[in-house]
1. Going by the structure shown, is B:G97 touching a His at 6+ places or on another chain (Cβ under 6 Å), touching a residue at least 24 places away in the same chain (Cβ under 8 Å) and either more than 10 Å from chain A (Cβ to nearest Cβ) or assigned to a loop (DSSP other than H, G, I, E, B) (or both)?
2. Please work out which residue is farthest from the other protein chains (Cβ to nearest Cβ), limiting yourself to the stretch A:52-72 and to residues that are in contact with a strand residue (DSSP E or B) (Cβ under 8 Å, 6 or more places away or on another chain), under 24 Å from A:G177 (Cα atoms) and buried (at least 16 other Cβ atoms within 10 Å of the Cβ).
3. Look through B:G42, B:G71, B:G24, B:G47 and report the one residue that is over 26 Å from B:D239 (Cα atoms), modelled with pLDDT under 90 and under 16 Å from the mean Cα position of the chain (by Cα).
4. What pairs can you find where one residue is in the stretch A:5-25 and closer than 12 Å to A:R53 by Cβ, the other is loosely packed, with under 15 Cβ neighbours inside 10 Å and modelled with pLDDT of 95 or more, and their Cβ atoms are less than 6 Å apart, with a gap of 6+ or different chains?
5. Read through the list (1) within 22 Å of B:T106 (Cα to Cα); (2) not in a helix (DSSP H, G or I), then give the number of the only condition that B:A184 fails.
6. Any idea which of (1) more than 14 Å from chain A (Cβ to nearest Cβ); (2) of a type in the set (K, R); (3) in a helix (DSSP H, G or I) is the one B:R124 doesn't satisfy?
7. If I ask for residues that are farther than 24 Å from A:L49 by Cβ and at the interface with chain B (Cβ under 8 Å from one of its Cβ atoms), which ones from the stretch A:73-99 would you list?
8. Need a quick list: helices (runs of 4 or more DSSP H) entirely within the stretch A:145-229 having at least 3 residues that are in contact with a Ser or Thr (Cβ under 9 Å, 6 or more places away or on another chain) and among the hydrophobic types (A, V, I, L, M, F, W, C).
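The values are calculated or read from the model by the stated rules, or taken from the named source; none is laboratory data. Everything numeric in this text was worked out from a predicted model, so none of it was measured. Because the Cβ atoms are built from the backbone with ideal geometry, glycine has one as well, and the counts that use them run over all protein chains shown.
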Amino acid sequence: MILARAEQATRRYGDVLALDQVDLDVPAGELVGLLGPNGAGKSTLLNLLIGLRRPTGGRVLLFGGDPRDPARRRQVGVTPQETGLPGTLRVGEVVDFVGAHFPDPVPRAELLDRFGLADLARRQTGGLSGGQRRRLAVALAFVGRPRLVLLDEPTTGLDVEARRTLWDAIRDFHADGGTVLLTSHYLEEVEALAQRVVVIGQGRVLADDTVSAIRGVVDLRRVSLTTDDLPTLPHVVRVERDRDRVHLLTGDADQLVRDLVTAGVAFRDLEVRPTSLEEAFLTITADSRPADADVPTPA
Amino acid sequence: MQYALAHARYQLLEIVRTPVAVFGSAFFPAAAMLFFVVPAVGDNAVGATYATAAMVTFAVLSANVFQYGIGVAEDRAQPWDPYLRTLPVGPTPRFVGRVLAGLCLTYLSLLPVVLIAALLTEARTTVAGFALAAAAVAVVSVPFTLMGLAIGYALPSKAAIVVAQLVFFPLAVGGGLLSAPGQAPAFIETIAPFLPTRGAVELMWTAVGDFRPEPTSMVMLGVWIVALAGLAGWAYRRDEGRRFS
């Protein structure tokens with residue numbers, strides 16, 4: 001059964017095209033990572049799937065219906081931005097309040113225990129640390145016993161220990177048959193949790209594959225050198241020039257350097273760096289369309 | 001309804017946790033009672049009763065315009081607001097809950113005025129008059145709630161604070177809330193019937209005493225309610241369209 005689906009979903013904000021004919025299926029029981037740099041359209045896609053926004057074109061389905069119909073959201077859990085938690089309310093009160101919207105909420109003590117918040121039930125959320133607040137925000141996605149949770153950047157900015165706690169909670173939910181769609185701009189996070197990765201860049205789906213397949217695609221190195229004369233070399237995914245400085249993106253930096261030497265290229269100031277995920281994405285994106293201005297994501 | 005009560009409870013908890021907010025809406029009317037009503041007409045039963053009713057209207061005006069105008073504008077700026085829309089209920093319970101909580105807070109802000117009137121002045125009304133006045137408070141809340149909602153949905157919070165203040169004072173003075181019936185300066189007597197505060201205070205006067213409301217004020221109160229409902233509805237839909245379409 002498909003719990004969430006986008007069919008040719010397109011979303012514009014004025015002149016900005018945030019999502020461009022995106023197709024996505026999230027079947028029951030899967031843990032899908034939505035990976036992409038900031039501004040790629042990840043949050044826009046989640047907002048369409050949960051009914052906060054309407055697609056400009058195409059359509060989105062949640063449990064087979066329109067996500068703007070509240071009944072469709074009964075088995076879905078979403079995480080608020082932790083900066084928005086009502087600061088004067090106590091942790092337990094926030095859990096009770098959100099739980100009151102669902103027919104069979106998880107009891108407060110049980111939920112707080114699962115997310116390591118049991119001792120904080122009587123604390124006002126304004127007095128929590130950033131990590132505690134984030135854990136509470138993620139916990140709220142699970143209070144209604146959802147079958148599907150949508151998590152937007154669940155662990156961004158958390159320390160290692162807090163991240164592990166959350167990852168464990170998400171894994172346990174998935175192991176019990178729950179379905180997860182989470183966004184991240186860390187490949188590491190998606191690798192730790194997901195089996196399937198959907199890469200989004202500039203509003204389009206660039207890749208939809210297993211974690212290891214995506215790892216192979218985005219694991220690029222940047223080889224930079226200064227030279228006047230560069231022959232065409234194998235293993236080069238992309239060439240960027242900055243005056244006499246040349247940057248080569250490659251999947252095999254060792255072989256590329258050997259080839260440079262063998263070809264007798266006169267170069268100096270050789271530099272080999274790992275690429276950021278963002279650079280790797282831009283490379284994939286550049287294959288599918290000319291690189292134009294960054295697409296900002298409206299909040 | 002159970003969702004609306006959950007929202008009302010949540011709103012009240014938020015308000016109660018910041019007691020100064022409750023204090024603020026109760027302070028002005030209570031201070032006005034102590035400084036103007038008690039010394040001026042405290043020992044005149046009829047005068048004190050009318051003045052108390054006017055101060056009650058004043059409190060209803062300030063409580064509603066400020067709590068909705070500023071409260072709604074501030075909530076709209078919080079990411080918590082879109083989160084609530086992802087929960088499996090529509091926008092109605094939240095709205096009803098907000099109005100219920102607002103009404104509770106309004107009645108709460110009236111307590112000091114009523115206590116001061118009962119203990120320190122000769123203001124008197126019958127049990128029926130008191131019950132009628134309590135009911136009139138709910139009716140009188142309608143236009144000012146709508147006004148607050150219109151401000152809150154139309155403006156960002158910093159602008160909402162200013163506009164609420166700008167609107168509040170002329171309405172209070174211009175509607176004759178600071179004068180006894182028929183005792184306001186001539187130009188205020190002229191414009192008062194065209195302001196919603198006048199119709200509101202005349203309803204209160206009618207409830208507690210031997211007062212007959214002016215037809216003009218009553219008709220204008222109706223006109224204001226319709227106009228403000230239209231304005232609030234427009235501001236709400238415009239905000240929805242901007243943030244959630």
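1. Here the answer is yes, as B:G97 does meet what is asked.
2. Of everything passing the filter in the stretch A:52-72, A:L61 is farthest from the other protein chains (Cβ to nearest Cβ).
3. So the residue among B:G42, B:G71, B:G24, B:G47 that is over 26 Å from B:D239 (Cα atoms), modelled with pLDDT under 90 and under 16 Å from the mean Cα position of the chain (by Cα) is B:G24.
4. If the second residue must be loosely packed, with under 15 Cβ neighbours inside 10 Å and modelled with pLDDT of 95 or more, no pairs are left.
5. Looking at each condition in turn, B:A184 falls short on (1).
6. Evaluating B:R124 over (1) more than 14 Å from chain A (Cβ to nearest Cβ); (2) of a type in the set (K, R); (3) in a helix (DSSP H, G or I) leaves (3) as the failure.
7. Residues satisfying the conditions are A:P86, A:T88, A:L89, A:E93.
8. Values: elements: A:160-175, A:187-193, A:211-218.
Per the criteria, A:160-175.
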